[in-house]
Amino acid sequence: MSTALSSLDPSAALTDSDERRGGTGTLRFVLAKVGGALVSLVLVITLGFLLFRALPGDPLATRVRDRPTDPQQRAALAASMGLDKPLPEQFLTYFKDLITRGDMGNSVAQSRPVIDMIGERVWPTVLLVGTATLLAVVLGVWLGVRSAWKRDSFFDRANTGIALTLWSVPQFWLGLLLLVYTSGLFPSRGMHSPGTPPGFWSQTVDVAHHLALPCLTLLAVFYAQYMLIMRSSLIGEMNADYLTTARAKGLRDDLVRKRHAVPNALLPTVTLVFLQFGLVVSGSVSVEAVFSWPGLGLLTYDALKGPDYPVLQGVFIVLTGSVVTMNLFAELLYRVLDPRVRAA
């Protein structure tokens, strides 16, 4: 009887299931996601270690290239690099040094700590990819909303066609085209011009001048996916009953779009932004190589020439770890934004 009465209580139906559990549901959800991310990072480190040791090539031969060495010197060098130990012992030493001291070993080609080399290159990549992603999200969402609201119009068809075309273009090819057609207008390589006067504004303008073409290349490719996802998501919301109710209340069409349709359609786009941010860092390799932008992509490109296995392994762990971290943020944010996830 009491169960039946409680089922008829409207306040019970309106109360969030997580609130009824006193917040323990949220804590359990966060701990489960963080634990899953930590397990994924351990698997990434293990895969990175084994993957680059399965590739053809000899790190010792790369280290002594063009330098005459006798067998004793090669044996001493192999011992200093830890290559004379069994593979399981090498992995345990690498894993322990990475977790406790952030040590990823030394570069074979430059004899420098890999973590220092990655630290020098990560901020140029964050500047390039972060700027391009931010502009792509703003432009893609704006065009996606207007294309969906004017579905099957000339504006919608033209924007969808342009977006699909740019999305299918290889990044390095588009970068080369921009270099050819803007020859002389923008710097073709690097991040700084020699001879630029010291000072905040002169240095900022110089970096922005160098950033223009690689950023435009990434923007042209990235914005398409946000536009198409936003368009598809909003079209799926346009026939919802709550929009019919909002119109019946007398709201203008633009207010129905801004206050009701767009906020509900943004959820898939928000998730995509976080998921793609980790992936676009790795996707900037070709663009950084074309424009000689001194980021992680160019570091990876140079390391492949060696091959410099410790550097490749370190960059792989950093890039894959960024994907795992951004995926964790997306899952936690999705629970905050979508009440249906909290009630599940």
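Counting 0.36 nm for each residue step from THR46 to LEU179 and taking away their Cα separation leaves a gain of 43.9 nm.
Compared with the direct C-alpha span, the chain from THR204 to LEU333 gains 43.1 nm at full extension, assuming 0.36 nm per residue.
Taking 27 Å as the straight-line reach from the Cα of LYS249, the lysines in range (excluding those fewer than 8 positions away in the same chain) are LYS150, LYS258. So if we plug the beta-carbon distance of THR244 and LEU216 into 1/(1 + (r/R0)^6) with R0 = 56 Å, what FRET efficiency do we get, rounded to 0.05? After rounding, the FRET efficiency stands at 0.85. The residues of segment 154-303 expose on average 51 square angstrom of accessible surface per residue, using a 1.4 Å probe on protein heavy atoms. For TYR181, TYR309, the ranking by accessible surface with the largest value first comes to TYR181, TYR309, using a 1.4 Å probe. Under 27 Å of direct C-alpha separation, and excluding same-chain neighbours fewer than eight residues apart, LYS33 reaches these lysines: LYS96. Stretching LYS305 away from ILE99 to a fully extended chain increases their span by 71.3 nm, per 0.36 nm per residue minus the current alpha-carbon distance. Name the residues of segment 84-98 whose amide N is less than 18 Å from a point 7 angstrom out from the Cα of ALA54 along the C-beta direction? The answer is 87-92, whose backbone nitrogens lie closer than 18 Å to the label point.
Remark: segment 297-313, residue by residue, has Karplus-estimated 3J(HN,Hα) of x, 5, 4, 5, 4, 5, 5, 5, 5, x, x, 9, 4, x, 5, 4, 5 Hz, where x stands for each Gly or Pro and the curve is 6.51 cos²θ - 1.76 cosθ + 1.60 at θ = phi - 60°.
The values are calculated or read from the model by the stated rules, or taken from the named source; none is laboratory data. Computed from a prediction, not measured in an experiment: that's the story for all the values here. So basically every Cβ, Gly included, is an ideal-geometry build from the backbone, and we count neighbours across all protein chains shown. The accessibility values were calculated without ligands, DNA or RNA, using every heavy atom of the protein model including side chains. Shrake-Rupley method; radii C 1.70, N 1.55, O 1.52, S 1.80 Å.
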